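The values are calculated or read from the model by the stated rules, or taken from the named source; none is laboratory data. Model, not experiment: these values are computed from the prediction. All Cβ positions, glycine included, derive from the backbone under ideal geometry; neighbour counts span all protein chains shown. Ligands, DNA and RNA are stripped out before the accessible areas are found, and what is left, the full protein with its side chains, is counted by its heavy atoms. Shrake-Rupley method; radii C 1.70, N 1.55, O 1.52, S 1.80 Å.
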Amino acid sequence: MSSQTVPAGTAAWPLDDEFVRAGFPAFSEDSLANFAHFENAGGSYACAPVIDRLNRYYRQTKVQPYYAFAPSRTAGEEMDAARQRLAAWMNVDSDEVHFGPSTTQNVYVLAQALRRHFRAGDEIVVTNQDHEANIGAWRCLEDEGFVVREWSVDPQTGELDLAGLEAVLTDRTRAVAFTHCSNLVATINPARDWVRRIQQAGAMAIVDGVSYAPHGLPDLRALGADVYLFSLYKVYGPHLGVMYLAGDLNAELPNQGHFFNAKNPTARFTPAGPDHAQIAAVNGVIDYFEALYRHHGGESAEPAEQAIDIRNRLRAREIERVQPLLDYVASHERIRLIGRADARERAPTVSFTVEGMPSSWLGQALADRGLGVGVGDFYAYRLVEALGIDPKDGAVRASLVHYTSEDEVSRLISALDELVTA
């Protein structure tokens with residue numbers, strides 16, 4: 001793992017908690033008083049600039065964009081700026097960034113393009129560690145004559161390894177879809193190394209970054225993936241999916257949009273009209289990250305350099321916050337921690353089961369105490385099965401991000417100790 005993924009230490013990357021939480025209206029909302037949000041992996045709070053951008057768009061520019069009249073022109077300019085600014089923070093070209101209604105929808109559209117690009121008998125590798133969004137669309141291509149091979153997790157740890165990848169690569173492999181970070185196991189996979197091996201085999205690397213991106217936007221140029229996907233509503237933004245598609249691959253694949261947009265790289269994989277207001281509101285995510293950068297002493301720098309700084313600050317704070325929870329869960333004799341106990345090696349998403357206690361019961365008991373955790377399979381149904389967990393009940397998931405407070409984590413640990421030890 002690179003130093004950009006795991007900071008050397010938290011002291012070198014301070015984060016002003018008061019400034020951070022002031023940037024999220026949810027923390028001053030009366031209806032959420034005394035509630036602690038621990039289901040951030042399912043959807044984070046929206047930051048204030050996103051809410052402000054949406055409000056302003058609907059009040060001032062809710063018209064068809066890109067015409068000559070003023071509100072229409074402004075609407076189009078804000079949409080263009082959102083794409084350009086997000087691309088710059090991820091160190092890619094703006095015409096390589098695509099917005100869709102969700103990651104699931106983006107994967108589906110990509111699968112339809114590859115259905116026409118590949119030939120019957122070609123092989124696609126998927127894992128059983130992924131969210132179903134990065135599995136289901138590819139498995140459906142079996143009905144079209146393609147071969148789908150599975151890169152399987154270790155059933156004890158839920159982890160993938162390079163040996164497992166090597167075992168499923170063949171000279172017919174055309175694509176490998178894997179997750180940068182599982183929404184259940186949470187280990188940050190060595191994506192750059194795997195991408196290189198996949199490409200050496202002559203295949204394209206399709207990386208699901210939904211569970212990674214909330215903890216710092218990745219440098220996609222450095223990662224080198226052919227496709228990278230994530231969901232903005234988990235990155236403090238509007239409900240949109242983002243798909244990075246390398247420019248040369250974009251040009252190779254068949255158009256999935258209107259025929260007259262076939263030469264427009266940002267419209268070729270958007271079959272339906274884009275959500276103008278939500279796209280414009282993406283600016284708010286970058287507004288928030290830029291404000292964090294400036295507040296912590298950042299001076300003029302390229303967006304990709306700012307992204308490194310913010311990624312390190314977010315990760316450092318998350319490592320500090322989640323380690324006590326990991327220590328508690330890993331040390332309790334009745335609790336099975338899914339994934340590693342070292343916060344430096346994983347996202348701050350802590351999933352577990354408790355011996356003799358239904359996950360649904362524990363989730364409700366925590367909810368009664370004002371602690372919102374997730375319960376279920378989290379669309380990682382195949383992974384839950386592989387781990388020997390009953391998908392009907394699933395696991396408990398407590399997911400943090402950088403705005404989670406020390407007090408909230410302490411409340412969760414105390415409540416777990418009361419409920420599980422009783």
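If the reach is capped at under 15 angstrom between alpha carbons, list the aspartates and glutamates near K392, excluding any in the same chain fewer than eight residues apart.
D377
Of F69, F269, which has the most accessible area with a 1.4 Å probe, and how do the rest follow in descending order?
Reading off the accessible areas and sorting them downward yields F69, F269.
Where in the chain are the DSSP H helices whose alpha-carbon span along the long axis reaches 24 Å or more and whose Kyte-Doolittle mean is at least -0.5?
276-295
Obtain the nm distance between the two label points defined at W361 and A81 by a simple spin-label model: each point lies 7 Å from its Cα along the Cα-to-C-beta direction.
About 5.4 nm, to one decimal.
Hey, which aspartates and glutamates would be in cross-link range of K263, C-alpha to C-alpha under 19 Å, not counting anything within fewer than 8 residues on its own chain?
K263 reaches D80, D93, D95, E96, D248, E252.
How far apart, in nm, are the 7 Å Cα→Cβ label points at D368 and A272?
4.0 nm
Which of the trypsin sites (Lys or Arg not before Pro) found in region 93-150 are in a DSSP loop and have at most 11 neighbouring Cβ atoms, other than their own, within 10 Å?
R119
Tell me which of H215, G43, A111 sits at the most positive position along the dipole axis of the chain, charges placed on C-beta atoms (Lys, Arg +1; Asp, Glu -1).
A111
Taking region 329-409, which trypsin sites (Lys or Arg not before Pro) meet the DSSP loop condition and have no more than 12 other C-beta atoms within 10 Å?
Answer by residue number: R334, K392.
What number, in percent, do you get for the relative contact order of region 85-196 if the mean sequence gap of Cα pairs under 8 Å and at least 6 apart is divided by its residue count?
This gives 24 percent for region 85-196.
Out of the DSSP beta bridges found with both residues in the chain, what percent are antiparallel (nearest 5)?
Rounded to the nearest five, the antiparallel share is 55 percent.
What is the chain's relative contact order, in percent, from Cα pairs under 8 angstrom and six or more apart in sequence?
The normalised contact order for the chain reaches 24 percent.
Quick check of the Kirkwood formula: for the chain, what is the inverse mean of 1/r over all pairs of different Cα atoms, in Å?
Details: mean 1/r = 0.0451 Å⁻¹.
Result for the chain stands at 22.2 Å.
Pop out the carbon and sulfur fraction of the accessible area of the chain as a percent, whole number, probe 1.4 Å.
48 percent
With every protein chain kept in place and ligands, DNA and RNA left out, what is the accessible area per residue of region 346-415? Probe 1.4 Å, answer in Å².
Ligands and nucleic acids excluded, the result is 37 Å² per residue.
With a probe of 1.4 Å, find how much accessible area region 1-153 has per residue, and write the answer as a whole number in Å².
Here the per-residue accessible area is 47 Å².
So which residue, out of A280, A301, A213, gets the largest mean-square fluctuation from a GNM of the chain using Cα contacts under 10 Å as springs?
A301
Rounded to the nearest 20 Debye, what is the dipole magnitude of region 249-381 about its Cα centre when Lys and Arg each give +1 and Asp and Glu each give -1 at the C-beta? Could the numbers behind the result be given before it?
Numbers: 14 positive and 17 negative charges, 33 e Å.
Magnitude of the dipole: close to 160 debye.
Please compute the length gained on full extension between A68 and E29, using 0.36 nm multiplied by the number of residues separating them and subtracting their Cα-Cα distance.
Full extension from A68 to E29 adds 10.1 nm.
If you keep only loop residues by DSSP, which GluC sites (Glu not before Pro) in region 23-132 have at most 13 other Cβ atoms within 10 Å of their Cβ?
Here the sparse-neighbourhood loop sites are E29.
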